[in-house]
Amino acid sequence: MNTADIAPASSVEATARHAPRQGSRRTAQIAIWLFLCFLFLYLSTAKGALDYGDDVSMLQVTEAIATRMAVDVPPTTPGSSIGIDGRSYSKYGLGQSLLALPFYYVGSLLQSAYPSARVWDNHGFLRVAPLIFVLTSLGIVSTAATVCLLYLTSRALSFGHLASVLTALALGAGTFAWHYSRTFMSEPTSMFTALLTFYGLVRYRRGHRARWLLLSGGAAGLAILLRTNNAIVLAPLGLWLLWELRALHRPNVRGGVLHILVWSAPIAVALAVIGTYNLVRFGSVLETGYGAEAHAFTTPLHVGLYGLLLSSGKSVFVYAPILLAGVLSWFHLRRTHAAVAAVLACVVVLYILFYAKFYAWFGGGVWGPRFMVMVLPFFLLGLAAMVQQGLGRPGWILLAGLGAISVFIQAVSVLVPYIPYEGSMESSPELFDRLLWNPAYSPVLVETVSLLQRQYPLDLAAVIYAYPPLAWAQFLALLLAGAGFIAGPLVLRRSAQKRTPYRTSDRGWWSTI
């Protein structure tokens, strides 16, 4: 036998053995690149201020835990109710306050080391300070991590690097997730935990390893701690898991039951924590502090649906036109991942139906349809399938156009202060109706005009704090983000040259991603 004939075969076998490792390493590198690019981008547009009552309320709980090992808040705290012991308690989820503890400690140290001008509201609550800047970075980190995770989820569904990266870019730069990354609201953390729940199930489906179920269940439990209504998203995911386990463990019922317990145990712990938290504060495991508001689903369904989908004031497609492509791409996803497409559709539809009936379906006096932030990744996941299957020149032009408009709208949302316009339009029911339903009063249109006419200073931390080193820091972050995005095509070209499929490998640190 000629040894020259053996060498090529050996070389092919060696390449095949190393392909999974190389593919996983390249995927990890691109994921880190995405995270850093968006981390710097969001830092460059950070605001470092608390605009809403929700984030003030959750901050008070964080401060109570950090300084007094308690959970009661001052009586004037927004969104607080009197408990059974006569003290005031925030009605918002405990999860955000717990996640913020490390940021609170770091922010407290920074505030002591670099004291600067601080801004309090009429009730004596801190709205602007170094502590607040660090606290709001929780939203920045969470949103950047979600962008990274959406890329990993697309790769776990066997989509290519380019398709997966474009999907992640659509979420990070083309949706109002960017706007909410600047807040201390629970939307960014809820979005991340919901997608992490789904990602864990996708990875479990590929390799049937219980560790992914534990990760998914842990993320689901944290999502409920952040906001109990997040359980709406978890219901379809749980049913999907049961369906997969039924087929996988049909001959082995015990194995299926054990895997169900692995996934549901963290959720049960979270529910127990919530029940105890409610019992201690209000004397009932079911009372969260919302009172009658928790049952105020009084909006006619057709009104809420029209508002969230078609209105000029709160439609998800007005605030993020790229979501139109996401909806169309669902049909592409269904061709190759029918079960995944069905699950994503259930998640989005159930979430929209739930909030369409809520009395404050518009999310309060905030930018865009705030409640929809959590399901933005589920809207967009099909983009990877559409790109993978080919768009053609007209398709690429349309996608690029939607993307450019979407990015511009998000830039407007982070550069122009929204509170002045919102406050003026909430001064009467008639004006607020105009904001919601009259295209001439659409916040997207009004804020765009405001930016072009330079009616307000830029809504950035560098302007709000009037601190030159912070201005230079944000400018540097913008340069780093720009350099990272410019380097992106080189990273993708290198990945395309490798042409390695995405597979999981249990060897190396990247196998945990």
Full extension between ALA466 and ARG454 adds, at 0.36 nm per residue less the Cα distance, a length in nm of 2.5 nm
Proximal charge balance of GLY124 [Cβ under 15 Å; K/R count +1, D/E count -1]: 0
Sort TYR104, TYR467, TYR199, TYR42 so the one with the fewest other Cβ atoms within 10 Å of its own Cβ comes first. TYR467, TYR104, TYR199, TYR42
Scan [x] 147; [y] 182; [z] 194 for the value of volume of the Cα convex hull per residue in Å³ calculated from this model and give just the label. [y]
TYR92: net charge of surrounding residues, Cβ under 15 Å, Lys/Arg +1, Asp/Glu -1, itself excluded? -3
Per DSSP H run of n ≥ 4, the term is -39500 (n - 2.57); total these for the chain, divide by its residue number, and report the mean residue ellipticity at 222 nm rounded to 500 deg cm²/dmol. -22500 deg cm²/dmol
What is the fewest-to-most order of SER312, SER284, SER57 by other Cβ atoms lying within 10 Å of their Cβ? SER284, SER312, SER57
What one gets for region 185-285 as the Kirkwood radius, inverse of mean 1/r over different Cα pairs in Å, is 14.0
Could you please rank SER427, SER413, placing first whichever residue has the fewest other Cβ atoms within 10 Å of its Cβ? SER427, SER413
How big is the gap, in Å, between the Cα center of region 59-135 and the Cα center of region 428-470? 27
Return one number: the angle in degrees, 0 to 90 and rounded to the nearest 10, between the long axis of the Cα atoms of helix 53-68 and the longest principal axis of the Cα atoms of the chain. 90
Neighbours of LEU279 by Cβ distance under 13 Å: Lys/Arg at +1, Asp/Glu at -1, summed charge -1
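Just so you know, all these numbers are worked out from the coordinates, no wet-lab data involved. Remember, predicted model here, so these are calculated numbers, not experimental data. Every residue, glycine as well, gets a Cβ built from its backbone with ideal geometry; the counts of neighbours run over all protein chains shown.
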